[in-house]
Amino acid sequence: MNVFGVDIGGSGIKGAPVDLERGDLAQPRHKVLTPHPATPSGVAGCVHEVVSHFGWSGPVGVTFPGVVTGGITRTAANVDKGWIDVDARALLSDRLGLPVTVLNDADAAGVAEMTFGAGAGRKGTVFLLTFGTGIGSALFRDGILVPNTELGHLELNGQDAEKHASTKAKEDEDLSWEQWAHRVQKYLAHLEMLFSPELFIIGGGVSRKAAKFLPLVEGIRAEIVPAQLQNNAGIVGAAMAAGAAS
């Protein structure tokens, strides 16, 4: 069974039909740049462009980089503040003319990784962390998701952790892999102090380059592994959510 998934990020919006039996993209994904400002209407237009690229008709799952409850977007750290308290499910359903399910982006990636990737079959406390424009978090206890944790906004060095340790921070400050790994290490140590997880799964686009920085992260008791679905995890998880809702 194929269902469409769309992953809205701070820099790009990408999507594809997903084979829910394999947990993988059924066709190569299509990506467009996130508009700036990333207003609800502007982003909805880009989502429409991605979905219509495939001539898709059927349920669509969409991730959002913020808290989502009942299809309503409650926060907007890395997109336009106009998203706060918007009924995103209704907005996108109207724009696409299709049934839409909306969920937090890291939660979607986490569910995909826990089902088809690095977290499959893992019990205990597990974190999926996505490093990109910000830092997304998905927390699982014995495979059950605790939604909308948004722990990229924990305070670290007097600011949001994602301002200090995201991939964007690495690029903006021209940090070496070693310098950035040290920041990631401090963030993981903070999470470990608070939650004592057994496993950290590192996702987002940077997961493709895990060999460049994960070996440099030291002093963390939990196991640390790269996401197996890499940057497609959000698309897969979005499609899974839409499939479950249809």
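Readers should treat all values here as calculations from the given coordinates under stated rules, not as data from a laboratory. Predicted, not measured: the structure shown is a model, and the values here were computed from it. Here the Cβ positions follow ideal geometry from the backbone for every residue, glycine too, while neighbour counts run over all protein chains shown.
Centre-to-centre separation between the Cα atoms of segment 119-154 and those of segment 31-104: 22 Å. Couplings 3J(HN,Hα) for segment 63-68, derived from phi with the Karplus relation 6.51 cos²θ - 1.76 cosθ + 1.60 (θ = phi - 60°), are 8, 9, x, x, 5, 10 Hz, where x marks Gly and Pro.
Note: the chain, Cα convex hull, 113 Å³ per residue.
Give me the percent relative contact order of segment 29-147, please, defined on Cα pairs under 8 angstrom at least 6 residues apart. Numbers along the way, then the final one.
On the way: 190 pairs, mean separation 23.4, N = 119.
About 20 percent, as a whole number.
Here r is the Cβ-Cβ distance between Glu218 and Glu49 and R0 is 30 Å; the resulting FRET efficiency, rounded to 0.05, is 0.10. Among beta bridges identified by DSSP and lying wholly in the chain, the antiparallel ones come to about 60 percent. So what's the angle, to the nearest 10 degrees on a 0 to 90 scale, between helix 177-195 and the longest Cα principal axis of the chain? For helix 177-195, the angle is close to 90 degrees.
Taking amide H as placed 1.01 Å from N in the peptide plane, Val18 has its amide H under 5 Å from the amide H of Val3, Phe4, Gly5, Ala26, each at least 5 places away in sequence or on another chain. Amide H contacts of Gly132 (H built 1.01 Å from N, in plane; Pro and chain starts excluded): Thr167, Lys168 sit under 5 Å, all sequence-distant by 5 or more or on other chains.
Each residue of segment 38-44 was assigned a 3J(HN,Hα) from its phi angle through the Karplus expression (A = 6.51, B = -1.76, C = 1.60, θ = phi - 60°), giving 8, 6, x, 5, x, 5, 4 Hz with x at Gly and Pro. Projecting the Cα positions of Ala161, Trp177, Phe140 onto the charge dipole of segment 127-186 (unit charges on Cβ atoms of Lys, Arg, Asp and Glu, taken about the Cα centre) puts Phe140 furthest along the positive direction. Applying a threshold of 27 Å to the alpha-carbon distances of Lys31/Lys163; Lys31/Lys168; Lys14/Lys170; Lys186/Lys212; Lys123/Lys163 flags Lys123/Lys163 as lying beyond it. The phi torsions of segment 49-57, fed into the Karplus equation with coefficients 6.51, -1.76 and 1.60 and a -60° offset, translate into couplings of 4, 5, 5, 5, 4, 9, x, 7, 9 Hz, rounded to whole numbers, with Gly and Pro shown as x.
Summed over qualifying helices (DSSP H, 4 residues or more, each -39500 (n - 2.57)) and divided by its residue number, the chain shows a 222 nm mean residue ellipticity of -10000 deg cm²/dmol. Close amide H partners of Leu156, meaning residues 5 or more places away or on another chain with modelled amide H under 5 Å apart, are Ala161.
Let's test the formula: R0 of 41 Å, r as the Cβ-Cβ distance of Thr125 and Gln27. What FRET efficiency results, to the nearest 0.05? Once rounded, the FRET efficiency stands at 0.70. Sparsely packed loop sites in segment 162-246 (the GluC sites (Glu not before Pro) outside DSSP H, G, I, E and B with at most 15 other Cβ atoms within 10 Å) comprise Glu173, Glu198, Glu218.
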